[in-house]
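**Q** Just dropping this structure here.
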Amino acid sequence: MTAGAKRSLVRCPAKVNLHLEVLGRRGDGYHEVRTLLAAVGVWDTLICEAADEGVTLEVEPAGVVPAGEDNLVVRAARELQRRSGTRLGARLILHKRIPVAGGMGGGSSNAAAALVALNHLWGVGAGSAELHAMASGLGADVPFFLVGGTAWGTGRGDELQALPDLPPWWVVLLPAQGPVSTAQVYASLNAPPLRPALPSPIYDWVRQGGELPLGSCRNDLEPAVMARFPDVRERLEALSSERSRLAMLSGSGGTVFALFADETGARACAGRCAGRGALVAPLLTREASRLRPLPGEETWKLPMSGSP
Ligand code: ATP
């Protein structure tokens, strides 16, 4: 990185889906869903430095995701350049810690962070509606990271209603050994054409508030993912504990998670899952998960690892 150049650092949180209903396949081929998304404190870090031209990306650890034009961070930068007409460039460094292709929205979070950081660094001045439009074009989960906290997603999951923060719950996450392709999971669903949503206790809760009916939370992708990856069931069993309030697959997998009322319960569960790469993290409030570019000198003082 160049001394004196304008730079900023953004911490990118992950997400879990506490509920995911597939309502059916739409005419355009996408699946219509209703989903309850919650930001969690597992973090990647994105460092952006303004450059006169060109966009370059370095990923650490190298090779964990492609660092070229396919990377969602580069795609976000290109989209912002295209929409704003800026000729400025950027040097980007992405430290990955969120499991890749694990249903935790890592790439989506990185893309949203790049939009926010470069909008600021390049002085583009794109407003919230413009950023949401760009985010939605980059992927169904990207807009969630502009909203953060807890949100209800409809459409492809990208039409979002911000919800009040959930209680300060914790999760234990058990990532899969390898990537799980979201596209393949949806393709294997063989979902019927779109049908009207049935009444649901979760939807009633979204409208009326009160206590989240955890017993009604479900992930309609779980059977399809379990059929292809039998170890999902085995990891869910490993997580099951009399203290967990919910244990399920996140998004299209392969990460499974259990929800706990407090950190102590979560750490005890993670202790029993030793050797399985368990991650322990809090659900994040909207404020804690806000994508916040930290400017200039402050970024030099922060550890470069993605740890909180
Ligand atoms: P989601 O839950 O949003 O469907 P995911 O968490 O299952 O996504 P990601 O980690 O976002 O999956 O990765 C999905 C795909 O995107 C992978 O094939 C990966 O190679 C590609 N990808 C591109 N850019 C990135 C990035 N910056 N970080 C992670 N993956 C990326």
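**Q** Filter the stretch 7-19 down to residues that are within 16 Å of the ligand (Cβ to nearest atom), touching a Gly at 6+ places or on another chain (Cβ under 8 Å) and open to solvent by less than 10 Å² (accessible area, probe 1.4 Å), then give me how many there are.
**A** Summing the residues that are within 16 Å of the ligand (Cβ to nearest atom), touching a Gly at 6+ places or on another chain (Cβ under 8 Å) and open to solvent by less than 10 Å² (accessible area, probe 1.4 Å) in the stretch 7-19 gives 6.
**Q** Hey, among VAL65, VAL74, VAL124, which residue is within 13 Å of the ligand (Cβ to nearest atom), open to solvent by less than 60 Å² (accessible area, probe 1.4 Å) and more than 19 Å from LYS15 (Cβ to Cβ)?
**A** The unique qualifying residue is VAL74.
**Q** Could you run through the stretch 31-42 and say how many residues are open to solvent by 10 Å² or more (accessible area, probe 1.4 Å) and away from the ligand (no atom under 13 Å from the Cβ)?
**A** 2
**Q** Before we move on, is SER136 hydroxyl-bearing (Ser, Thr, Tyr), under 16 Å from GLY251 (Cα atoms) and either within 14 Å of the ligand (Cβ to nearest atom) or not in a strand (DSSP E or B) (or both)?
**A** Against the criterion (hydroxyl-bearing (Ser, Thr, Tyr), under 16 Å from GLY251 (Cα atoms) and either within 14 Å of the ligand (Cβ to nearest atom) or not in a strand (DSSP E or B) (or both)), SER136 does not qualify.
**Q** Something else about it: Need at least 1 residues that are among the hydroxyl-bearing types (Ser, Thr, Tyr) per element, so show me which strands (runs of 3 or more DSSP E) inside the stretch 1-119 make the cut, counting only ones lying wholly within it.
**A** Fully inside the stretch 1-119 and qualifying: 7-25, 31-51, 55-60.
**Q** Return the residue satisfying two criteria in turn: it lies in the stretch 133-168 and is open to solvent by less than 20 Å² (accessible area, probe 1.4 Å) and in contact with a Phe, Trp or Tyr (Cβ under 7 Å, 6 or more places away or on another chain), and of such residues it is farthest from ALA281 (Cα to Cα).
**A** Top of the filtered list is GLY153.
The values are calculated or read from the model by the stated rules, or taken from the named source; none is laboratory data. Given the structure is predicted, the values throughout are model-derived calculations rather than measurements. Positions of Cβ are backbone-derived with ideal geometry, glycine not excepted, and every protein chain shown enters the neighbour counts. Side chains are part of the model used for accessible areas, which takes the heavy atoms of the whole protein and leaves out ligands, DNA and RNA. Shrake-Rupley method; radii C 1.70, N 1.55, O 1.52, S 1.80 Å.
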